[in-house]
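Undergrad: Just dropping this structure here.
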Amino acid sequence: MDIEEKLVSAVTKGLKALYGQEVPAVQVQLQKTKKEFEGHLTLVVFPFLRLSKKSPEQTAAEIGEYLKQNEPEVVAAFNVIKGFLNITIASSAWIELLNDIHSRPDYGLTPATDRSPLVMIEYSSPNTNKPLHLGHVRNNLLGNALANIIAANGNRVVKTNIVNDRGIHICKSMLAWLKYGNGETPQSSGKKGDHLIGDYYVAFDKHYKAEVKELTEKYLAMGIAEEEAKAKAEAESPLMKEAREMLVKWEAGDPEVRALWKKMNDWVYAGFDETYHMMGVTFDKIYYESDTYLEGKKKVLEGLEKGLFYRKEDGSVWADLTGEGLDHKLLLRADGTSVYMTQDIGTAEQRFTDYPIDKMIYVVGNEQNYHFQVLSILLDRLGFEWGKSLVHFSYGMVELPEGKMKSREGTVVDADDLMAEMIETAKETSNELGKLDGLTQAEADDIARIVGLGALKYFILKVDARKNMTFNPKESIDFNGNTGPFIQYTYARIRSVLRKAAEADINVPAELHTGIELNAKEENLIQSVANFAAIVRQAGQDYSPSVIANYCYDLVKEYNQFYHDYSILHEENADVKVFRLTLSQEVAKVVRLGMGLLGIEVPERM
């Protein structure tokens, strides 16, 4: 039982003793005492005035006196401010709480059981026509952190990825490689496969734009208005027509087109695997649009037969969503080819067959808010139990200080280049600050990797996911302020103190004596460490990794103030020295667990 639970129990007993009535525990409201007042926890007494029939101040004073007399192991002192009872918790209670945290290696994390709800989380969703970029980095880091947080709240979790490996954008890269590639391969070029294919996607756009420009000028010379001339040029571009023809051939199973598609996609997958590995991101199950879109077409045609959808004269299939306050949504084109919605319906069908899903979470950018509003309605219509309650974890765009990125124009920030740059910057910064002194080259390289990637991950995850953000590499690598390296350095500092203690034969005991008087900073630090369990719950309820990120920062900031003000290894009182070592160890443990939920490693030394 934690301190708040003990206090709630004591207050309900006190109310019965003082006023002769049982009060449900839910009516006992405790909150952290405001900084300007003395105390740790504050009891709101207004709900009990109908029992006491006295003023708020009198009621608070009576309850405070009862607690101090009858619960001395929990309550050391109290003060009354209007209708608020500020309670100072006894040192022995804080030490008992620390002992409890110390006894639990995975404090704050709730393990799943065989009967726990099964939550499936989809994230990443790359296209096989380009490498992963900065936008994918935010998606993957959010998805991975969210999966860890949902699991830490006692759920079974399946992490999935849907690879967009078919469609017109894939055909553009394939066609460009056929036309301009001269048989280039990852081996012959020395490029990662995803980078190579991305180059051809850019090449397609370059040639397509040149065609459109030439045709537009031709139509303008014929006296056609500019807007109409451009639209006509885009519709009649030979390159785009070829790409569309290739898509129709792919869907018809043309052997040559399929063989080229498989070869080029395999190059991309090898590249993706390297990127995911460096990022520390994994999946339990990968789905491919090329497998799921047929399932989607089948479900759409079933829905058509049941009268859930309708067919237009040109053969295209639509859903009428006007009854839900939306518009009409295309599900199959006139030529029979699929759209993203069709694929998502098919993927849902496969997932529901593969797993008994209780909740489905899609980690997708906020530009797709409408798409998932529609998907939820369609899945519900088609009979998927979790359709109506699906969660679209909608996040904002990420940009660099220089501005927006565009894949077609080749101006995206490549994920591999970004991670490599972050690691190199971490190495340079750490060397300048002397944080790698005395380490072997292998140790220094590993710490630069941990710090560089930690800086990137933390900078992205500390921001509320719903907000657009600007990623600033230089700011993220700072060893001061609200950054990953600052938290990592504090963790390494604590580990260093614990190593020095062990070398001096000062060991952390299994349980601390409760007869020590604590100072305010020590009590506040225990309270902050204990809050971790509530923070993990809040992050799970709100689907918010940033809650954990900012908690970790606040905790290490508080610890550093304590470390600055009080000696640990040079403390003369042996019991106090051991207490402070134990407290330091538990701060480090919670930092490691919290950062671990975010997918961020912490180094043992720096």
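The values are calculated or read from the model by the stated rules, or taken from the named source; none is laboratory data. Note that the structure is predicted; figures quoted are calculated from it, not measured. Cβ: placed from backbone, ideal geometry, glycine included. Neighbour counts: every protein chain shown. Accessible surface areas use protein heavy atoms only, side chains included; no ligands, DNA or RNA. Shrake-Rupley method; radii C 1.70, N 1.55, O 1.52, S 1.80 Å.
Undergrad: Using a 7 Å offset from Cα along Cα-Cβ at residue 5, what residues in segment 110-130 end up with backbone N under 16 Å from the label point?
TA: 110-111
Undergrad: Let me ask another. Quick check: with the 1.4 Å probe, what order do 579, 283 take by accessible area, largest first? Walk me through the numbers on the way to the answer.
TA: Numbers: 579 0, 283 40 Å².
Output order, biggest surface exposure first: 283, 579.
Undergrad: Modelling each spin label as a point 7 Å along the Cα-to-Cβ direction, I'd like the residue 220/residue 604 distance in nm, to one decimal.
TA: 6.7
Undergrad: I've got another one for you. Once you mark the GluC sites (Glu not before Pro) that are in a DSSP loop and have at most 16 other Cβ atoms within 10 Å, what is the longest gap between them in the chain? If you can, show how the numbers build up before the last one.
TA: Working: sites that count: 22, 36, 38, 73, 184, 313, 385, 402, 409, 511, 517, 571, 572, 604.
Between the exposed loop sites, the longest stretch runs 185-312.
Undergrad: Continuing with the same structure: Calculate, for the chain, the solvent-accessible area per residue in square angstrom, rolling a 1.4 angstrom probe over the heavy atoms of the protein chains. Each step should come with its number before you reach the end.
TA: Working: 27760 Å² over 606 residues.
Heavy-atom accessible area per residue stands at 46 Å².
Undergrad: Let me ask you something else. What does segment 28-114 give for Rg and for Dmax, in Å, if only its C-alpha atoms count?
TA: Final numbers for Rg and Dmax: 16.1, 52 Å.
Undergrad: Which of the aspartates and glutamates could a cross-linker span from residue 213 if the Cα-Cα distance has to be under 14 Å and same-chain partners fewer than 8 positions apart are dropped?
TA: Here the aspartates and glutamates satisfying the reach criterion relative to residue 213 are 205, 226, 227, 228, 234, 236.
Undergrad: Just report the Cα centroid separation between segment 487-542 and segment 187-229, whole Å.
TA: Each part's Cα centre sits 59 Å from the other's.
Undergrad: Magnitude of the Cβ-charge dipole of the chain, K/R +1 and D/E -1, about the Cα centre, nearest 20 debye?
TA: On the way: 70 positive and 89 negative charges, 189 e Å.
Here the size comes out at about 900 debye.
Undergrad: Do the sum for the chain: with -39,500 (n - 2.57) for every DSSP H run of n ≥ 4, divided by all residues, what is the mean residue ellipticity at 222 nm, to the nearest 500 deg cm²/dmol?
TA: Details: 22 runs with 338 residues, N = 606.
Result for the chain: -18500 deg cm²/dmol, rounded to the nearest 500.
Undergrad: Starting from the eigenvalues of the Cα gyration tensor, five times each then square-rooted, give me the equivalent ellipsoid semi-axes of segment 277-342, largest first, whole Å. Working shown, then result.
TA: On the way: eigenvalues 177, 43, 24 Å².
In descending order the semi-axes read 30, 15, 11 Å.
Undergrad: Here's another thing I want to ask about it. Can you pull out the trypsin sites (Lys or Arg not before Pro) in segment 282-330 that DSSP calls coil and that have at most 15 other Cβ atoms within 10 Å?
TA: On the way: sites: 285, 297, 298, 299, 306, 311, 312, 329; in loops: 306, 312.
When the trypsin sites (Lys or Arg not before Pro) of segment 282-330 are filtered for loop state and at most 15 Cβ neighbours within 10 Å, 306, 312 remain.
Undergrad: Would you calculate the volume per residue, in Å³, of the smallest convex hull containing every Cα atom of segment 217-355? The partial results should precede the final answer.
TA: Numbers: hull volume 30.2 nm³, N = 139.
Dividing the Cα hull volume of segment 217-355 by its residues yields 217 Å³.
Undergrad: Next up: Along Cα→Cβ, 7 Å out, is where each label goes; now give me the distance between the ones at residue 468 and residue 188 in nm to one decimal.
TA: According to this spin-label approximation, the distance is 4.3 nm.
Undergrad: At 0.36 nm per residue, and after removing the present C-alpha to C-alpha distance, how many nm does the segment from residue 206 to residue 503 gain when stretched out fully? Provide the component values of the computation, followed by the final result.
TA: On the way: separation 297, 0.36 × 297 = 106.92 nm, distance 6.45 nm.
Extra length from residue 206 to residue 503 when fully extended: 100.5 nm.
Undergrad: Quick check: the distance between the Cα centres of segment 131-150 and segment 237-264, to the nearest angstrom?
TA: What the calculation gives is 31 Å, centre to centre.
Undergrad: Please compute the Cα-Cα pair-distance distribution of the chain with 20 Å bins starting at 0, giving whole percents from short to long.
TA: 16, 41, 29, 13, 2
Undergrad: Leaving ligands, DNA and RNA out of it, rank 106, 464, 505 by accessible area with a 1.4 Å probe, largest first. Before the final figure, lay out the partial values.
TA: Details: 106 90, 464 40, 505 130 Å².
Reading off the accessible areas and sorting them downward yields 505, 106, 464.
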